[in-house]
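Accompanying notes for the structure given below.
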Amino acid sequence: MNNKQKINFAFYVSGGASRLLKLIKKDSNILKNIILVINDNAPNLKLKTSLAKKKINYIEINYDNLKLVANEKNIYISKLLLKKFTEHNINYCFCFGRKILTEDLLKKHKNKIINFHPSILPVFPGEKSIDKAKKNNAFLIGNTAHFVDSGIDTGPVIMQSIGYRDATSENILDMQIPMIEQIYKWIIGDRLTIGKRGVIIKNANYKQTVFFPNLE
């Protein structure tokens with residue numbers, strides 16, 4: 001993509017949207033390219049107020065008011081995202097939502113929706129992954145940023161972060177914030193490519209850290 005073209009980002013969030021709120025609090029550079037935020041865990045007054053100050057388009061969804069159940073929610077949010085991405089000319093979406101996105105959206109925006117999952121995939125996909133890792137006494141826990149496909153946390157991996165098992169859930173989730181900002185820079189710099197072996201970042205440092213803890 002031509003670097004002179006503005007690249008528009010959206011966020012799809014559920015829960016408390018803590019990572020997005022922290023990006024707003026630190027006035028991250030990514031905010032200048034965020035065009036749209038869709039939250040399907042309404043209401044979130046703090047998020048609404050924060051985005052209004054930044055003049056970022058914000059949509060809240062309350063499934064209870066819509067009287068939707070089970071897979072109906074997945075279909076509804078997917079159709080809404082597809083519609084709003086088109087209306088706002090969205091190029092990429094950072095995904096922190098809890099719903100399973102459906103085929104039409106994924107076909108139209110293939111390798112454009114990036115999920116941030118709190119485990120070192122392929123281990124512990126799905127919900128409550130940090131709890132699963134701790135319950136299974138995993139030595140290392142962390143995060144994976146990957147493109148969303150039709151599976152559950154199975155899309156091409158972009159990057160991962162790793163921490164020791166004693167880290168709190170909040171510490172692990174906070175590791176996603178620099179990941180978001182780094183991937184944003186890679187996209188803006190046209191450095192992210194997808195080949196036969198998966199995602200490759202041009203000129204990135206893939207030097208392996210072999211020992212954890214480090215040798216002394």
Point to revise | Test result for ASP190, closer than 27 Å to ASN74 by Cα and either surrounded by fewer than 12 Cβ atoms within 10 Å (Cβ to Cβ) or among the acidic types (Asp, Glu) (or both) | key: no
Exercise for review: Search region 170-215 for residues being among the hydroxyl-bearing types (Ser, Thr, Tyr) and in a loop (DSSP other than H, G, I, E, B), and hand back the single one that is nearest to the chain's Cα centre (by Cα).
Suggested key: TYR206
Check your understanding: Under the condition of being within 25 Å of VAL210 (Cβ to Cβ) and of a type in the set (A, V, I, L, M, F, W, C), which residue from region 116-129 is surrounded by the fewest Cβ atoms within 10 Å (Cβ to Cβ)?
Key -> VAL123
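To keep it simple, each residue is scored yes or no on (1) polar (S, T, N, Q); (2) assigned to a loop (DSSP other than H, G, I, E, B); (3) free of Cβ contacts under 8 Å to residues at least 60 places away in the same chain; (4) surrounded by 18 or more Cβ atoms within 10 Å (Cβ to Cβ).
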site: ILE75; (1), (2), (3), (4): no, no, yes, no
site: LEU101; (1), (2), (3), (4): no, yes, yes, yes
site: LYS107; (1), (2), (3), (4): no, no, yes, no
site: LYS110; (1), (2), (3), (4): no, yes, yes, no
site: ILE114; (1), (2), (3), (4): no, no, no, yes
site: ILE141; (1), (2), (3), (4): no, no, yes, yes
site: ILE158; (1), (2), (3), (4): no, no, yes, yes
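Condition first: small (Gly, Ala, Ser) and either exposed (fewer than 14 other Cβ atoms within 10 Å of the Cβ) or under 20 Å from ALA145 (Cα atoms) (or both). Now tell me which residues in region 1-60 satisfy that.
ALA10, SER14, GLY15, GLY16, ALA17, SER18, SER28, ALA52
Read the figures in this text as sums done on the coordinates, not as results from a lab. Every value quoted in this text rests on a predicted model; they were computed, and no experiment measured them. Reconstructed Cβ throughout: ideal geometry from the backbone, glycine too, with neighbour counts over all protein chains shown.
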